[in-house]
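Notes to accompany the following structure.
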Amino acid sequence: MTSLAQAVFIGSLVVTLLVVVLLVAVAVEHGARTRRLARDARRRAELTPLVHALLDGDAGDEAAMTAAPALLDELVLELLPQLRGADRTALQSVLLDRGVVTRAAGDLTARGAARRGRAAVLLGNAASVEHTGALVELLGDRAPEVRNAAARALGKNGDAAAVGPLLAAVTAGQPLPPGVAGMALLDLGVAALPSLRAALDAGFPVAQTLAAELLGLHGDPASTTTLIALVGDDHRDPHARRAAAQALGRIGSPVATAALADVLLGSGHAPLQCAAAEALGRIGDAGGLRALTTGLRCAPTVDVRGACADALALTGDAGHRQLVAHAQLRSATGEAARSALDVLALSRRPARQAAAA
Amino acid sequence: MNDAATSLIQTVNWTVLGYVVLLDVAMLVLVAFGARRVLANRRWAGAEGHEQIFASPLTPAVSVIVPAHDEEAGILDTLAATLAQRYPSLEVVMVDDGSKDRTFDLVAQRYALTRVTPRRTADLQVDGEVLSVHRATTGDPLTVIRKTSVGRRSDAVNAALNVARHPLVCMVDGDSLLEPDALLKVARPFVEDPVNVIGTGGVIRTVNGALTDGGAVLEPRLSRRWLVRIQAVEYLRSFLLGRTGWADANALLIISGAFGLFRRDLVVEIGGLDPLSLAEDAELVVSLQEHMRRQGRPHRLVFVPEPVCWTEVPETWEVLGRQRRRWSHGLGQLLWKHKHMIANPRYGTVGLLALPFFLLFELLGPVVEVLGLLSVVLAAAIGVLDPASAGVMIGFALLVGTLLSTTVVAVEEFTFHRYRNGRDLLALLAAGVLENVGYRQVHAWYRLQGLCMALTRRKPVWTAMPRTGFTTAADEAPAAGRPALSGA
């Protein structure tokens, strides 16, 4: 055997040893995990009546609750997001009494990102308002996952003081994703509306877009005028204008019809035109019929024509008549009209079935 | 002359051995990086915010595209699993791509399909003729396109893209089952990094042998067939760890066609899937990377090591051979088409790391491995093989391969622990050893054939894999007397 072969032989022994170590580790882990899962299942079964007792307001079990193992915290934390009202408050106080909230607050400055993030999630579930400041600070954390967790926790806490920082975090140096901030702001409810209205005019396009989306989801009629100004302004960001168009559709005020019709026919940005058409359909005002019919006939892209056809289907008999008239055409316009009529027929079918039943 | 031949054979032998060890070590490094990421992800388990993403009206809607060709064995289960996704807003667009079996009839009956005029959202080229478009009247957000097949999956996907309405498109194979939260988890990066993320992929596991019911995997189990068990290890290595490692290096080249989520506008922007590619999933990813790099636009492809799509894998050597030849053929096409990206710093880690790796180890790997086997046989035949040295070398190569497989199974056990049965775990470990003896060599032969097809510019034809369907509790009880097709 050559010296190289001998070296390889020694290498083989090392690799064999590693394989054996891994095999042993797998066997030990498998056995230990199986036992741990069985033990946890047993303990959970034991602890469940205790949790139920507390939910029923049986204060006599509080001593047992304090002495219960750490698994109880996991059980409570799993249950919390599914509960509302008094049940949620009862379990939140369990976490507080057992020192879980205090420990989590301490973990907000831990070195490990996952630990900081988990602590934020816990504080959110525990609706711990006194830690809003610490959570706001985490919106600037170096780890994006932690920033997201902090935002979600602030939304769950329900403290209106977080509205401003959440909106500001969307355009910060290390920005918060609009989707995450938006959901947190929605969780905070109507308390966010004044700040959202203000954000439509000021700030960066990304904040304007988010504000418009959220105001639309709230169906906030007080923002209609500002949204109309935004959607009609050619110099503003097209994404923000699109969000404004969608919001106007959700709010449903006929006051916006003229502005949306102008955007549908005047803008060269297909996604914005689609949003304007959809909004006109949602509003369902007869004033939008002409623009929608023109869009169905003349729009340069198939998706805008389709959006116009779908919108016409939502605008009552007059829109329906336009679709029927155009459905005869053997062109993209005709196809879009026929498609919209088919969808309309389909949407009416279950209703008919239900009525017959 | 004899000395020269001997010297040549020995050189080839050593080169091949070095190559195999280098490949396994490279894979081991990749697996180690992947394992690091998987473990880091697991630390966040339960705190990822999935509930908020599910509840949020801001979560982008998804069009799930399911191309199906002769999938009667499992299509109803696939659709049931897809439609049952816990996701705020989705539609499913299934394409019956010229099926000759009852695929369409089963779907039409189950979802009471009615014919509609398609609402086109894009104008991508489709070579097959679209025969009709249907909608479900059962209240399910399901659209079904019937078209003639041109023998390419990409054509079916492009037909679906032309009617997909939502900003994200998810491609799912007609023989795959998504776990209820799979879509939610794979969509999370789009919510958390909407500016950069252009595509995400999830873990694919083998469903053969697992206990299912109505599209839900009730109990992950290993098949009794060793060929399937070996592929289970292969899938774990490739999907769970390999792609996680590549994604970490921002050099992900493949998001499986069995389960991938992309921004629809970008897929349409690059003209949809390449109609001539046999590796249309990898081709899409590389084309997107190239497109975004050329335009200097931010982009990131993410591999989420958690969500699981269960898919059927070949149960016979013949079908496996067809599948692997196609993969290798497709890889050859892909690397040829994008050859200007290889070792090109303009394309970052994709050009400098991933593409050269795929060229050296994935595409050319079978050439070296088959050549090595032949040279060992030749050396033994002419009597220049030192049995002791050869045994040590071959043993070392096998051991490194075994170490790699064992590491993969260990990571699976320490993290996801999907196979609860100890016997399945043992079988998985044994399959990891067996993979290196026989399977690997036959696999190399299939890949070499695929490479030859690519080199000779053989006309690409996508061949459907025979389906056995999913195992249900009723299938396991012979007394129940149910037909073998769970979808029927």
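Using the Cα coordinates of segment A:134-184, the gyration tensor eigenvalues translate into equivalent-ellipsoid semi-axes of 14, 11, 10 Å, sorted from longest to shortest. For chain A, the longest principal axis of the alpha carbon atoms and the long axis of helix A:289-298 meet at an angle near 80°. Please report the base-10 log of the normalised intensity I(q)/I(0) for the protein assembly as shown, using a Debye sum with one equal scatterer per alpha carbon and no solvent, at each q in 0.05, 0.06 (1/Å). Log-scaled intensity ratios, in q order: -0.32, -0.46. For chain A, the longest principal axis of the alpha carbon atoms and the long axis of helix A:144-157 meet at an angle near 80°.
3J(HN,Hα) along segment A:116-127: 4, x, 5, 5, 4, 4, 4, 5, x, 5, 7, 6 Hz, from the Karplus curve 6.51 cos²θ - 1.76 cosθ + 1.60 with θ = phi - 60°, whole Hz, x for Gly and Pro.
Applying a threshold of 23 Å to the alpha-carbon distances of B:K339/B:K459; A:K156/B:K185; B:K100/B:K337; B:K147/B:K339; B:K337/B:K459 flags B:K100/B:K337; B:K147/B:K339 as lying beyond it. The length gained by stretching the chain between A:T294 and A:D233 to full extension, at 0.36 nm per residue less their Cα-Cα distance, is 19.8 nm. Annotation: the antiparallel percentage among DSSP beta bridges lying fully within the protein assembly as shown is about 45. For B:D127, the shell of other residues with beta-carbons less than 13 Å away shows a net charge of -1, using +1 for Lys and Arg and -1 for Asp and Glu. Over segment B:255-294, the pair-distance histogram of Cα-Cα distances with 5 Å bins from zero comes to 6, 25, 36, 26, 7, 0 percent, rounded to whole numbers.
Taking N as the number of residues in segment B:16-66, what value does Rg over Cα atoms divided by 2.2 N^0.38 Å take? Working it through for segment B:16-66, the quotient is 1.95.
Near B:V144: Cβ cut-off under 9 Å, other residues only, Lys/Arg at +1 and Asp/Glu at -1. The net charge is +1.
Electrostatic bookkeeping for B:R325 treats Lys and Arg as +1 and Asp and Glu as -1; over the other residues with beta carbon under 13 Å from its beta carbon, the sum is +4. Applying the criteria of a DSSP loop state and at most 12 other Cβ atoms within 10 Å to the trypsin sites (Lys or Arg not before Pro) of segment A:109-178 yields A:R111, A:R142.
Counting beta carbons within 10 Å around each of B:H340, B:H134 and listing the fewest first gives the order B:H340, B:H134.
Evaluated at q = 0.15 Å⁻¹, the base-10 log of the normalised Debye intensity for chain A, with identical point scatterers placed on the Cα atoms, takes the values -1.13.
The mean sequence separation of alpha-carbon pairs under 8 Å and at least six residues apart, normalised by the residue count of segment A:184-305, gives a relative contact order of 20 percent. Take A:258-271, A:157-170 and order them by the average number of nearby Cβ atoms within 10 Å per residue, most first; the result is A:157-170, A:258-271. Taking every residue in B:161-168 and counting other chain Cβ atoms within 10 Å of its Cβ, the average works out to 1.
Determine, at each q value in 0.12, 0.16, 0.25 (inverse angstroms), the log₁₀ of I(q)/I(0) that the Debye formula gives when each Cα of segment B:79-175 is one equal point scatterer. Result of the Debye calculation: -0.35, -0.64, -1.65.
Counting every other Cβ atom within 10 Å of each residue's Cβ, B:F259, B:F54, B:F396, A:F9 order from fewest to most as B:F54, A:F9, B:F396, B:F259. Here, segment A:71-188 is characterised by an Rg to Rh ratio of 0.96, where Rg is the alpha-carbon radius of gyration and Rh the Kirkwood radius. Inter-label distance, B:A390 to B:R423: 4.0 nm, where each label sits 7 Å from its Cα along the C-beta direction. Summing Cβ point charges (Lys, Arg +1; Asp, Glu -1) relative to the Cα centre of segment B:179-322 gives a dipole of roughly 280 debye. With R₀ fixed at 22 Å, the C-beta to C-beta distance from A:A5 to A:A25 puts the FRET efficiency at about 0.15. Working from Cα pairs under 8 Å separated by at least six residues, relative contact order for segment A:253-357 is 21 percent.
The convex hull drawn around the Cα atoms of segment B:59-315, when projected onto a plane and averaged over every direction, covers 12.7 nm². Across peptide B:399-406, the mean count of Cβ atoms from other chains lying within 10 Å of each residue's own Cβ comes to 5.
Roughly what % of Cα-Cα distances in chain B sit above 35 Å, to the whole percent? Looking at chain B, the distances longer than 35 Å represent 32 percent of pairs.
Between helix B:365-381 and chain B there is an angle of about 30 degrees, using the helix long axis and the longest principal axis of the Cα atoms. Summed over qualifying helices (DSSP H, 4 residues or more, each -39500 (n - 2.57)) and divided by its residue number, chain B shows a 222 nm mean residue ellipticity of -14500 deg cm²/dmol.
Neighbour counts of other Cβ atoms within 10 Å put B:V377, A:V101 in the fewest-to-most order B:V377, A:V101.
Just how far, in whole angstrom, is segment A:86-158 from segment B:189-203 if you go by their alpha carbon centroids? Centre-to-centre (Cα) distance: 25 Å.
Other protein chain C-beta atoms within 10 Å of residue C-beta, averaged over A:19-28: 5. The Cα center of segment B:130-149 and the Cα center of segment B:53-112 differ in position by 10 Å.
Shape summary of segment B:347-393, radius of gyration then Dmax from alpha carbon positions: 16.1, 49 Å. Summarised in one figure, the compactness ratio Rg/Rh of segment A:221-357, Cα atoms and Kirkwood Rh, is 1.01.
Here the relative contact order of chain B, from alpha carbon pairs under 8 Å that lie six or more residues apart, stands at 21 percent.
Quick note: the coordinates plus some simple rules give every number you see, no bench work behind them. These figures come from a predicted structure and were not determined experimentally. We place every Cβ from the backbone using ideal geometry, glycine too, and count neighbours over all the protein chains shown.
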